[in-house]
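The values are calculated or read from the model by the stated rules, or taken from the named source; none is laboratory data. The structure presented is a predicted model; accordingly, all values stated were derived computationally and were not measured. Because the Cβ atoms are built from the backbone with ideal geometry, glycine has one as well, and the counts that use them run over all protein chains shown.
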């Protein structure tokens, strides 16, 4: 417990700085990683719409510098995980800005070895430069307009970026979700063609970083064969990555081998799914491009790279198993519903004394330490249960299961093979007695979301007091230093007690005579309104609308109160909106009647839980989420 608390303190009281050029975009999913870890989620190769955008976005980029840690526990201070695209992205340290693209990695190779490698690569490229499957790889041009989470009633300045995509059956295109995130317009261009075709985004999976596109024009699909998916490769299998990275406008081909296959952290969605590690060069702009085996079959989608001074040539490919799950999910439901989770916090059972205490006879199983209240497992499992099998597959004491012939893989791999609503049969030991239990798997409910559905955050303005739900993009924009340690602790370590629960904060106060004395308040959680505990921002709007009292009383953390006279607040609202150029006092989603979420009648006066809520394994203390 002391280790966990120490780790928590080091994360929440520290900041890790990075820098991109003003023409680059950065995404930083969160977790409770120590300060020594760095995870960068870059988009694609980005270009600003004009030179004015560079100066206007400087403040926003500086604000993002403090939000960089992610779930890669125990990594050195120079380790970084990138979601590709930005040609201009780099790193800021004490010496200033150093573009990552120009940073040397490792020691120079001997000249003789370099010449041999160059000749071999040239021969290999000449063999495939006329291959038909290259024609299915296209370049993606996207115009993005991201929400402004600090000013939720407006959007940020638009910017453009480029990435890669490829054709599949059904007249569809696959690319990365971060390549078309917050898209306003998407265009694609085929190899050897000077025409750009308008594309439409059909589905976007943030957790698996995959997006599905289509093009209506008949000309776009003529004389091109869609790519065929191959099997999951083996170690040392040759792999060829194709795309449109920085350094030119024509197609690029790099070659390497498969170096590892395991459950990998996906930087964009802060999730853990099966990933293929390769040593072929993956550069900004390669995002969304296919990786091929020697038979010309697509084995996955390039999407991120791991960079460290202690390692080099570590790129990642989304395997066809994850891609197929995404496509099947879309076909089943007409939309993407996401990967399910079990919703339990587990502990490894490597220690013999611990197994004996729990009356576990064999060297297998993992201990249930906590169950998420919003999961179906909360109705089946109890703290202290030991899970020893999942659908009759034995779970080892390290939280791993058999994988292929001589390999083992993280237990959560089996969960990721399921779809939302599927049922899994668990073998558990409770009080020394083995039994079976069935659990329905569903996507996880995040108290603080990593991504805002619909793209625009909710907000409510009452007499200049701006309320909005806490989200990871908001933390990124505001910088963690301005959020406060106590609120960050809840954001990183708390569980949602019911579907629809939100942490609602007072983002800022728009100064006016009616809110005199409250102007300096910002980024504080509002807990109660007129004595009633707030469930979410829609609930707060409902309470305010139905209030008949003389005063509007908001209670914040640490018993801090803000009281407004109701009639004065109502009269001043229109003037405040006009003075600050705000079109409406609330977001459109709050105009609908409020309806209580199922199961949100639980007592809310108790504090939020305080357990890690990341989906990845914490190596130093043997905890893992399934």
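The residue list 386, 395, 344 contains one member that is surrounded by 20 or more Cβ atoms within 10 Å (Cβ to Cβ), under 17 Å from residue 431 (Cα atoms) and either in contact with a helix residue (DSSP H, G or I) (Cβ under 6 Å, 6 or more places away or on another chain) or in contact (Cβ under 8 Å) with a residue 12 or more places away in the chain (or both), which is 386. Does residue 476 count as in contact with a helix residue (DSSP H, G or I) (Cβ under 7 Å, 6 or more places away or on another chain), within 18 Å of residue 269 (Cα to Cα) and assigned by TED's automatic domain parsing to the domain that holds residue 577? Yes. Restricting 424, 437 to residues that are touching a strand residue (DSSP E or B) at 6+ places or on another chain (Cβ under 6 Å), surrounded by fewer than 19 Cβ atoms within 10 Å (Cβ to Cβ) and under 30 Å from residue 395 (Cβ atoms) narrows the list to 437. Residues that are touching a strand residue (DSSP E or B) at 6+ places or on another chain (Cβ under 8 Å) and closer than 19 Å to residue 469 by Cα were ranked within the range 531-552; the one that is surrounded by the fewest Cβ atoms within 10 Å (Cβ to Cβ) is 533.
Output yes when any residue across the range 601-611 is more than 30 Å from residue 365 (Cβ to Cβ), surrounded by 15 or more Cβ atoms within 10 Å (Cβ to Cβ), touching a strand residue (DSSP E or B) at 6+ places or on another chain (Cβ under 9 Å) and modelled with pLDDT of 50 or more, and no when none is. Checking the range 601-611: not a single residue is more than 30 Å from residue 365 (Cβ to Cβ), surrounded by 15 or more Cβ atoms within 10 Å (Cβ to Cβ), touching a strand residue (DSSP E or B) at 6+ places or on another chain (Cβ under 9 Å) and modelled with pLDDT of 50 or more. Counting only strands (runs of 3 or more DSSP E) that sit completely within the range 298-373, those holding 2 or more residues that are within 23 Å of the chain's Cα centre (by Cα) and modelled with pLDDT of 95 or more correspond to 298-308, 311-319.
For the range 230-252, filtering for residues that are part of a strand (DSSP E or B) and surrounded by fewer than 20 Cβ atoms within 10 Å (Cβ to Cβ) leaves 1. The condition of being modelled with pLDDT under 95 and at positive phi holds for only one of 223, 218, that being 223. Those strands (runs of 3 or more DSSP E) of the range 413-466 in which at least 1 residues are over 28 Å from the mean Cα position of the chain (by Cα) and free of Cβ contacts under 8 Å to residues at least 24 places away in the same chain, considering only elements entirely within it, cover 433-440. Applying a threshold of 6 Å to beta carbon distances and a minimum spacing of six or more residues, or different chains, the list of pairs starting in the range 511-533 at a residue that is in contact (Cβ under 8 Å) with a residue 40 or more places away in the chain and ending at one that is surrounded by fewer than 19 Cβ atoms within 10 Å (Cβ to Cβ) and part of a loop (DSSP other than H, G, I, E, B) reads 511/519; 533/604.
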